[in-house]
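The values are calculated or read from the model by the stated rules, or taken from the named source; none is laboratory data. Please read these numbers as outputs of a predicted model, since none were measured by experiment. All Cβ positions, even for glycine, are placed from backbone atoms using ideal geometry, and neighbour counts span all protein chains on display. These area figures cover heavy atoms from the full protein model, side chains too; ligands, DNA and RNA do not enter into them. Shrake-Rupley method; radii C 1.70, N 1.55, O 1.52, S 1.80 Å.
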Amino acid sequence: MCWSATADTVAGTVVSAVGIATLACVRRPRDAVLAAVPLVLGAHQLIEAVVWRGEEGEVSDGVAELARNVWAFIAFPLLPFMVPLGVLLAVWPQSGPGRRRLLGGLFAVGAVASAALAKAQWERGVDAHIHGHTVQYSIGIPNAHLVIAAYLVATLGALLASGDRPLVRFGVVGALGAAFCAWMWTVEFASTWCALAAVGSVMLLAWVRGRPSERKQAGDRALGTVRAGS
């Protein structure tokens with residue numbers, strides 16, 4: 001995710017701190033899945049710091065293999081399942097039937113992609129090596145282009161289709177950032193995903209802090225009903 005073990009360690013520590021703050025600010029239990037994403041991303045970067053050191057021969061083979069597998073599990077099967085589920089739970093009560101069906105469909109797409117990626121990782125393991133200024137991973141995904149497309153449609157699509165303005169903005173930033181990171185990797189073999197993770201984590205922290213509690217929202221609805229009946 002970053003361009004060196006040191007960068008991963010620093011970025012991972014900062015993003016993890018944002019992740020802890022994000023979870024601490026949760027007022028609605030149904031927001032917890034999406035609010036946990038920054039902490040997952042922070043841990044992801046800290047784990048990659050171990051992968052770097054494994055590739056450089058600074059940790060044992062067993063530790064390096066464990067780090068590779070945990071990193072790949074988060075990046076591949078976990079996120080396309082976690083993000084659409086988190087969006088679906090967060091916006092379900094205020095969404096109409098059409099949006100619920102759309103978000104449910106995107107979650108299903110993410111679940112299928114997650115299952116395919118988990119199967120590939122289980123059967124083929126994880127290869128990693130330093131390539132330029134990044135670590136390149138491979139789990140031998142069958143029909144890789146189709147699975148990656150499903151991954152992106154599920155994660156970014158759920159954010160963009162959420163109907164929640166901060167989450168839609170996060171989806172737009174995520175789509176643009178992913179395109180830029182992919183371009184940077186192609187032309188310079190440099191990873192800038194850690195910067196995108198940091199920006200996204202701060203956006204999710206702001207989203208959580210701006211969410212009213214269930215009790216306040218229920219009170220607002222009741223007050224609106226009383227006013228409408230007056």
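Stretching residue 179 away from residue 148 to a fully extended chain increases their span by 9.8 nm, per 0.36 nm per residue minus the current alpha-carbon distance.
What number, in percent, do you get for the relative contact order of the stretch 42-99 if the mean sequence gap of Cα pairs under 8 Å and at least 6 apart is divided by its residue count?
Values: 24 pairs, mean separation 16.2, N = 58.
Across the stretch 42-99, relative contact order equals 28 percent.
In the complete set of protein chains, residue-level accessible area for residue 129 is approximately 90 Å², probe 1.4 angstrom. Rounded to the nearest 500, the 222 nm mean residue ellipticity of the chain from helices alone is -25000 deg cm²/dmol, with -39,500 (n - 2.57) taken per DSSP H run of at least 4 residues. Listed values (i) 73, 35, 32; (ii) 49, 39, 35; (iii) 59, 49, 29 include one computed from this model; for Cα extents along the principal axes in Å that value carries the label (i). Working ranking of peptides 162-169, 109-116 by packing, defined as the average number of other Cβ atoms within 10 Å per residue, highest first, is 109-116, 162-169.
Could you tell me whether the stretch 43-113 comes out rounded, prolate or oblate from its Cα gyration tensor? Rule is a ≥ b ≥ c as square roots of the eigenvalues, rounded for a/c under 1.5, then prolate if a/b exceeds b/c, otherwise oblate. Display every interim value, and only then the final one.
Details: a/c = 6.07, a/b = 3.52, b/c = 1.73.
Because a/c hits 1.5 or more and a/b exceeds b/c, the stretch 43-113 counts as prolate.
Of the heavy-atom accessible surface of the chain (probe 1.4 angstrom), what whole percent is carbon and sulfur?
Here carbon and sulfur together make up 68 percent of the probe-accessible area.
The order of the peptides 80-88, 117-125, 57-65 by mean Cβ neighbours within 10 Å, most packed first, is 80-88, 117-125, 57-65.
Each residue of the stretch 135-150 was assigned a 3J(HN,Hα) from its phi angle through the Karplus expression (A = 6.51, B = -1.76, C = 1.60, θ = phi - 60°), giving 9, 9, 10, 8, 10, x, 6, x, 6, 4, 5, 5, 5, 5, 4, 5 Hz with x at Gly and Pro.
Accessible surface of residue 127, taken over heavy atoms with a 1.4 Å probe and every protein chain present, rounds to 100 Å². Under the convention that each Lys and Arg Cβ holds +1 and each Asp and Glu Cβ holds -1, the size of the dipole of the chain around its Cα centre is about 1620 debye. Oblate is the label for the stretch 103-182, because the ratio a/c of its alpha-carbon gyration tensor axes (a ≥ b ≥ c) is 1.5 or higher and a/b is not greater than b/c.
Given contacts defined as C-alpha pairs under 8 Å and at least six residues apart, what's the relative contact order of the chain, whole-number percent?
Numbers: 337 pairs, mean separation 60.5, N = 230.
Relative contact order, the chain: 26 percent.
Take every pair of alpha-carbon atoms less than 8 Å apart whose residues are at least six positions apart; their mean separation over the length of the stretch 1-78 yields a relative contact order of 32 percent. Solvent exposure of the chain, expressed per residue, is 50 Å² of accessible area, with all protein chains present and a 1.4 angstrom probe.
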